[in-house]
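Scroll down for the structure; my scribbles are underneath it.
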Amino acid sequence: MKEHLKILFVDDNKNLVHSMAIGLSKQGIETQGVSDSVEALELLTRDEYSILISDISMPKMNGALLAQVAKRISPELKIILVTAYDFDDYEKDYPEIKPFVKLNKPFDVKQLLALINHSPHNIFKSIERSLSWDNSNFYSSFYL
C-alpha cells in the first residue's frame, strides 16, 4: 500500500507555487503551496507534512533557515531545497543544510517526481528512476 504523502511547497514565485500545487495534486499527491516562508512555518506548527520543498532565496526568511527550523519542528520531515543560485554559498552560511536534497532551478520535473514517489525510506537515495506514469496532465498544468 502506497503511503499517503503530504507536501508543503514554498517559493516566493506565486505562479510556480500555484502550478506545482496543481501539478502534484494531479499526480495524486496532496500538496499545499505558499509563497511566504513565515506562513510556511505557521503551517508546519499546525499540521504534519511528509516533505517540505522550498526555494532558498526568499524574502523575510530564506529557505535554508526555514529548512533548519522545520527540521526542529518535525525531525522526520524530508526536505528538498531548490535554487537558481549556487548551493555552496548557502552551505557556508548554513552548514546544517548539507544533508538535505538540493535541486537547481530550473529543475527537471521528472527528478522532483522521482524523489517524491520513492518510498519514505529511500526518498533521497536516488533521483535516477524511469517513470512509468503519464505526465501529460502534470506538464500541462505549468502552462496555465
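Please work out which residue is nearest to Lys78 (Cα to Cα), limiting yourself to the range 22-52 and to residues that are of a type in the set (A, V, I, L, M, F, W, C), free of Cβ contacts under 8 Å to residues at least 60 places away in the same chain and touching a Ser or Thr at 6+ places or on another chain (Cβ under 9 Å). The qualifying residue nearest to Lys78 (Cα to Cα) is Leu52. Looking only at the range 57-64, decide whether some residue is in a loop (DSSP other than H, G, I, E, B), closer than 22 Å to Pro95 by Cβ, touching a residue at least 40 places away in the same chain (Cβ under 8 Å) and aliphatic (A, V, I, L, M). There is at least one residue in the range 57-64 that is in a loop (DSSP other than H, G, I, E, B), closer than 22 Å to Pro95 by Cβ, touching a residue at least 40 places away in the same chain (Cβ under 8 Å) and aliphatic (A, V, I, L, M). Of the residues in the range 31-42, at least one is in contact with a Lys or Arg (Cβ under 6 Å, 6 or more places away or on another chain), open to solvent by 20 Å² or more (accessible area, probe 1.4 Å), β-branched (Val, Ile, Thr) and within 26 Å of Asp93 (Cβ to Cβ). Answer yes or no: is there a residue in the range 30-52 that is at pLDDT 90 or above, within 24 Å of Ala114 (Cβ to Cβ), in a strand (DSSP E or B) and among the hydroxyl-bearing types (Ser, Thr, Tyr). Yes, there is a match, as at least one residue in the range 30-52 is at pLDDT 90 or above, within 24 Å of Ala114 (Cβ to Cβ), in a strand (DSSP E or B) and among the hydroxyl-bearing types (Ser, Thr, Tyr).
The values are calculated or read from the model by the stated rules, or taken from the named source; none is laboratory data. Nothing here was measured: the structure is a model prediction, and the numbers come from that model. Backbone-built Cβ (ideal geometry, glycine too); neighbour counts: all protein chains shown. Keep in mind that these areas ignore ligands, DNA and RNA; they rest on the heavy atoms of the full protein, side chains included. Shrake-Rupley method; radii C 1.70, N 1.55, O 1.52, S 1.80 Å.
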